[in-house]
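Peer 1: Next up is a structure, given as structure tokens.
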Amino acid sequence: MDVGLLMNYSGGFAEAARGLSDFEAAGVDAVLLPEAYTFDSVSQLGYLAARTGRMRLASGILNVYSRTPALLAMTAAGLDFVSDGRFELGIGASGPQVVEGFHGLPYTAPLARVREVVEICRTVWRREPLRHEGRHFQLPLTAERGGSGRGGRALRLINHPVRPAIPIVLAALGAKSVELAAELCDGWQPTLYLPEAAKETFGPSLEAGRSRRADDLAPLRVLADVKMLVSEDEEELEAARWQVREYIALYVGGMGARGGNFYKALVSRYGFEGPAAEIEELYQSGRKAEAAAAVPAELLDGVALVGPPALVAERVAAFRESGVTGLNASPVALTHDRRVEDMRELKRLAG
């Protein structure tokens, strides 16, 4: 399995960027930079391209609403250029909190938009004249679809991309979005991934998507996000477990409106419907610590890699056996050196 680093720059971006060379030397395969309603990740990924020499660079993730499909394609081609072919385009639909609340755009038809974005990006990278007749995008834009009528042309990318097919990874959790990832994309990136429930929860969607997958696409990569700490110290482990509890409570309880939280829906599909409802109720009422405490131990231990070396090795094996081909890890140790050592150990365990 590949090992990626979900970059945490809460201590300062420049400091974190300088430390990437240590992770690269430890064998980490990729670094992923988040973007929600933060600083944009694109400018920072360009900087990281100059600070690394081997690691893949990935956006984690760019939403498909706030940038046009052509701009996403241009951005990916530009980052692939400055990194000498090391960029992976991580995309996702995000959610109405960000898309409507921060960008002021209607959160409509996310699956159809993702499909069209993927098609348009690949057309741009092949340097074909950009013509697209879709429900959400028409290129060139005609007067009948709201254009000026002044002769928009089917243009092709001026530059020759380093690669004519940049890998696209879709962050997805819902049944139909996972199916779309398996059909169209190079990779699928789930979070709160529980190996023991993966076959029942995701299997039908993956099977349906793969049945329509083009023959020229390589097998789907499955890149699961995890938090991790390798330690024998019970005090350290308890602190790490609390971080995981807080993370789960934030997503299950606070990411999305009632009735529209993708993470709560996922945890409920795993069989934790009662605890998920309790976590949401506590979190929404401002009782965040109680929400974290309400996270079931079985869920916490299942979605994270936190424990002594032998236990972490067992959990890595469980992820592999469930079909995961890569682990995107957030090491939660308190020092940089410990985080590097944990990632080195994870790379060893992943093989």
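Peer 1: Given the peptides 166-172, 331-337, arrange them by the average over their residues of other C-beta atoms within 10 Å, most packed first.
Peer 2: 166-172, 331-337
Peer 1: Check each of the trypsin sites (Lys or Arg not before Pro) in the stretch 115-205 and keep only those in coil by DSSP with at most 16 other C-beta atoms within 10 angstrom; list them in order.
Peer 2: Answer by residue number: Arg126, Arg127, Arg131, Arg135, Arg150, Arg153, Arg156.
Peer 1: May I pose another question? Which ³J(HN,Hα) values, rounded to whole Hz and listed in residue order, are derived for the stretch 327-334 from phi using the Karplus coefficients 6.51, -1.76 and 1.60 in 6.51 cos²θ - 1.76 cosθ + 1.60 with θ = phi - 60°, glycine and proline given as x?
Peer 2: For the stretch 327-334, the Karplus-derived couplings read 10, 9, 9, 10, x, 10, 4, 7 Hz, x marking Gly and Pro.
Peer 1: For the chain, what % of the accessible area comes from carbon and sulfur atoms, probe 1.4 Å? Don't skip to the end; give the middle numbers.
Peer 2: Details: 8720 of 16200 Å².
Solvent-exposed carbon and sulfur of the chain make up 54 percent of the total.
Peer 1: Of the listed values (i) 60, 40, 35; (ii) 57, 52, 37; (iii) 68, 44, 39, identify the label whose number matches Cα extents along the principal axes in Å calculated from this model.
Peer 2: Recomputing Cα extents along the principal axes in Å here picks out (iii).
Peer 1: Moving on to the next point. Using modelled backbone amide H atoms (1.01 Å from N, in-plane), which distant-in-sequence or interchain residues come within less than 5 Å of His132's amide H?
Peer 2: Under 5 Å from the amide H of His132: Leu139.
Peer 1: Also, I was wondering about something else. Could you tell me how far the Cα centroid of the stretch 169-248 sits from the Cα centroid of the stretch 25-46, in Å?
Peer 2: Each part's Cα centre sits 19 Å from the other's.
Peer 1: Still on this structure: What angle do you read, to the nearest 10 degrees and between 0 and 90, between the alpha-carbon axis of helix 309-321 and the longest principal axis of the chain?
Peer 2: Taking the Cα atoms of the chain, the angle to 309-321 is about 40 degrees.
Peer 1: Any idea of the accessible area per residue across the stretch 242-307, 1.4 Å probe, to the nearest Å²?
Peer 2: 44
Peer 1: Quote the FRET efficiency, to the nearest 0.05, computed for Asn8 versus Glu246 with a Förster distance R0 of 22 Å and r equal to the Cβ-Cβ distance.
Peer 2: Values: r = 14 Å, r/R0 = 0.65.
Once the sixth-power term is evaluated, E becomes 0.95.
Peer 1: Moving to a separate point now. Semi-axes of the stretch 283-351's equivalent ellipsoid from the Cα gyration tensor, sqrt of 5 times each eigenvalue, largest first, rounded to whole Å?
Peer 2: Those come to 26, 17, 10 Å.
Peer 1: About the Cα centre, and with charges only on the beta carbon of Lys, Arg (+1) and Asp, Glu (-1), how big is the dipole of the chain? Nearest 20 debye, please.
Peer 2: 1740
Peer 1: Report the charge-dipole magnitude of the stretch 209-255 in Debye, nearest 20, computed about the Cα centre from +1 at each Lys and Arg Cβ and -1 at each Asp and Glu Cβ. If you can, show how the numbers build up before the last one.
Peer 2: Values: 7 positive and 10 negative charges, 132 e Å.
Magnitude of the dipole: close to 640 debye.
Peer 1: Over the alpha-carbon set of the stretch 25-108, work out the extent along each principal axis and list the three values in angstrom, largest first.
Peer 2: Principal extents (Cα only, largest first): 42, 25, 17 Å.
Peer 1: Calculated from DSSP H runs of 4 or more alone, at -39500 (n - 2.57) each and per residue, what is the 222 nm mean residue ellipticity of the chain, nearest 500? Present the calculation step by step, with values, prior to reporting the outcome.
Peer 2: Values: 14 runs with 167 residues, N = 351.
About -14500 deg cm²/dmol.
Peer 1: May I pose another question? In the chain, if the dipole is taken from +1 on Lys/Arg beta carbons and -1 on Asp/Glu beta carbons about the Cα centre, which of Leu79, Thr325, Ser205 is farthest to the positive end?
Peer 2: Of the listed residues, the answer is Leu79.
Peer 1: Given 0.36 nm per residue, what is the gain on full extension from Arg258 to Ala109 after removing their alpha carbon distance, in nm?
Peer 2: Net length gain for the segment: 51.7 nm.
Peer 1: Report, largest value first, the span of the C-alpha coordinates of the stretch 41-160 along each principal axis, in whole Å.
Peer 2: Over the stretch 41-160, Cα extents along the principal axes are 48, 36, 21 Å.
Peer 1: What is the ratio of the Cα radius of gyration of the stretch 238-303 to 2.2 N^0.38 Å, with N the residue count, to two decimals?
Peer 2: That ratio works out to 0.97.
Peer 1: Which of the lysines could a cross-linker span from Lys227 if the Cα-Cα distance has to be under 17 Å and same-chain partners fewer than 8 positions apart are dropped?
Peer 2: Partners found: Lys347.
Peer 1: Turning to a different aspect of this structure: Computed on alpha carbon atoms, what radius of gyration and Dmax characterise the stretch 233-344, expressed in Å?
Peer 2: Over the stretch 233-344's Cα set, Rg and Dmax evaluate to 14.9, 42 Å.
The values are calculated or read from the model by the stated rules, or taken from the named source; none is laboratory data. Please read all numbers here as calculations on a predicted model, not as lab measurements. With ideal geometry, Cβ positions are generated from the backbone for all residues, glycine too; neighbour counts draw on all protein chains shown. The accessibility values were calculated without ligands, DNA or RNA, using every heavy atom of the protein model including side chains. Shrake-Rupley method; radii C 1.70, N 1.55, O 1.52, S 1.80 Å.
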